[in-house]
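Data block below; observations after.
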Amino acid sequence: MGQDGVQKLLGGLRGDALRARAMRGSMLTVVSFGGRNALRLGSNLILTRILFPEAFGLMALVQVFLTGLQMFSDFGVNASVIRSKRGDDPGFLDTAWTVQVLRGVVLWLGAVALAGPAAAFYDEPQLRELLPVVGLTAIFLGLSSINIVTVNRKLVLGRLTALELGTQALGIVVMVALAFVLQSVWALVIGGLVQAGSKALLSHVLLPGRMARPALEPAAFGELFHFGKWIFLSTIAGFLLKHGDRAILGKYISLSDLAFYTIAFMLASMPYLLKTALLERVLYPLYCNTPPAESPANRAKILRARMILTGGVLAISAPFVIFGPEVIRLLYDPRYHDAGPILTAIGFVWMFRIITSGHDPVLLAAGESRTFALLLICGAALRICLMLLGAIHFGIPGVIGAALVAETLIYPVLVRLTFRYGAWDWRQDAGFACLAVLILTLTLWRNPAVWTDFVALAGPG
């Protein structure tokens with residue numbers, strides 16, 4: 001890139017126009033994602049060397065519940081504030097924050113109630129003690145400043161990025177230090193609490209904007225409830241979509257095999273999570289500000305942005321598919337090498353999720369939270385049923401195969417729902433799908449043993 005190109009790029013990043021804020025938001029989101037996942041991977045590599053696979057498998061099971069509580073803490077407050085015309089109104093923001101706090105308390109009570117049944121279901125008595133403590137994370141997240149949402153709404157993400165990276169680093173330091181001392185899953189739990197608590201506290205100190213006060217304005221609450229009731233259901237469905245596989249496998253395979261699956265899942269899902277972050281922080285606000293169905297120019301901009309986004313993320317995902325076993329051998333000690341063929345298989349499935357994601361946010365931008373929720377709920381129900389059958393009869397390969405079948409069956413419904421909003425382009429999807437199949441073909445050609453090793457995992461543990 002010449003000097004003129006550099007100057008043009010820097011000029012595009014300056015100013016307060018929507019394009020400039022979107023470009024800065026994209027760059028900061030990539031920085032935030034890269035930093036958070038580098039920290040996550042680093043802590044994972046350290047913890048797998050401190051703990052045996054069985055202990056790490058139990059940590060993975062606890063992480064499912066921890067992540068579930070974090071996802072359930074949304075309830076549509078973020079999306080409601082971003083799209084609402086009252087997104088800067090103090091009364092609306094005070095009500096949104098109050099709902100967020102109350103929700104955190106309810107979720108903690110739910111974790112307490114779930115502890116006993118979960119311990120019995122998985123035959124892991126430690127869950128009875130762990131889950132009530134893990135549930136405190138929901139309270140901390142509820143107490144976080146509503147300014148986390150307002151800076152996202154305005155695509156002003158610099159301090160938020162620093163806050164997220166700093167608190168995650170603090171949590172990981174605590175987690176690793178305690179792992180050396182305690183040699184147990186409690187290191188993960190306490191580290192997670194430190195991260196959530198410090199984020200809640202510092203969000204009130206570092207982020208610009210007024211401090212919210214307890215309030216329940218009827219009009220604001222009505223708007224939040226009308227939009228958010230379906231988002232709450234969709235977050236439950238989203239949890240099942242992203243974490244239902246491990247929740248199911250925890251019942252039917254050994255903790256060691258669950259550890260292998262979790263490591264492969266973490267690596268394979270990183271590109272998808274990057275795209276999800278960009279969708280939430282950049283593309284969703286663009287859908288709200290420039291609806292693609294409103295004009296051909298808007299549609300062209302959205303489709304071009306999504307093509308660049310999808311192509312870039314697929315390029316990041318491809319090495320995990322092609323070199324799955326080599327990646328695992330490079331990063332982990334021999335106790336975890338069985339995760340190699342699993343990484344290749346999960347990475348291939350995630351490619352199709354990367355391709356199809358980016359369509360459905362247009363439903364939220366158009367105010368169709370009910371349709372969005374029903375789509376996720378039906379998709380989650382289908383995936384969970386197929387995964388359950390796959391886990392019972394074929395173990396890990398059954399769950400991964402079921403996810404791919406479900407993705408194929410849901411796609412026509414997704415197209416039908418988003419087509420009228422101008423968010424679908426068959427040429428993009430078909431081209432990227434052919435690329436994914438080509439990448440898998442190349443993988444099996446260069447290393448046929450990947451397939452035989454993967455099939456050998458069939459059967460419940």
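Points to keep in mind about this one:
- Of all residues in the range 425-461, those satisfying the criterion of being touching a Leu at 6+ places or on another chain (Cβ under 8 Å) and among the aromatic types (Phe, Trp, Tyr) are 432, 451.
- One residue from 408, 441 being within 27 Å of the chain's Cα centre (by Cα) and of a type in the set (Ser, Thr, Tyr): 408
- Test result for residue 405, in contact with a Phe, Trp or Tyr (Cβ under 7 Å, 6 or more places away or on another chain), part of a helix (DSSP H, G or I) and at negative phi: no
- Per the conditions (1) touching a Lys or Arg at 6+ places or on another chain (Cβ under 7 Å); (2) assigned to a helix (DSSP H, G or I), the sole criterion not satisfied by residue 387 is (1).
- Within the range 350-369, restricting attention to residues that are assigned to a helix (DSSP H, G or I) and more than 19 Å from residue 415 (Cβ to Cβ), the residue that is modelled with the highest pLDDT is 350.
- Condition met for residue 75 (at pLDDT below 80, outside any helix (DSSP H, G or I), out of contact with any strand residue (DSSP E or B) (no Cβ under 7 Å at 6 or more places or on another chain) and not basic (Lys, Arg)): yes
- Residue check, residue 320 under 13 Å from residue 404 (Cβ atoms) and out of contact with any His (no Cβ under 9 Å at 6 or more places or on another chain): no
- In the range 107-117, residue surrounded by the most Cβ atoms within 10 Å (Cβ to Cβ) [restricted to those that are farther than 14 Å from residue 140 by Cβ and at pLDDT below 85]: 114
- Only one of 238, 191 that is crowded, with 20+ Cβ neighbours inside 10 Å, part of a helix (DSSP H, G or I) and not assigned by TED's automatic domain parsing to the domain that holds residue 457: 191
- Comparison of 243, 204, 226 shows that the only residue that is in the same structural domain as residue 145 (by TED's automatic domain parsing) and surrounded by fewer than 20 Cβ atoms within 10 Å (Cβ to Cβ) is 204.
- Flag if residue 311 is surrounded by fewer than 19 Cβ atoms within 10 Å (Cβ to Cβ) and at positive phi: no
- Residues (in a loop (DSSP other than H, G, I, E, B) and either under 20 Å from the mean Cα position of the chain (by Cα) or more than 19 Å from residue 186 (Cα to Cα) (or both)) located in the range 126-146: 135, 144, 145, 146
The values are calculated or read from the model by the stated rules, or taken from the named source; none is laboratory data. If you're wondering where the values come from, they're calculated on a predicted model, not measured in any experiment. Glycine also receives a Cβ, built like all others from the backbone with ideal geometry; neighbour counts cover every protein chain displayed.
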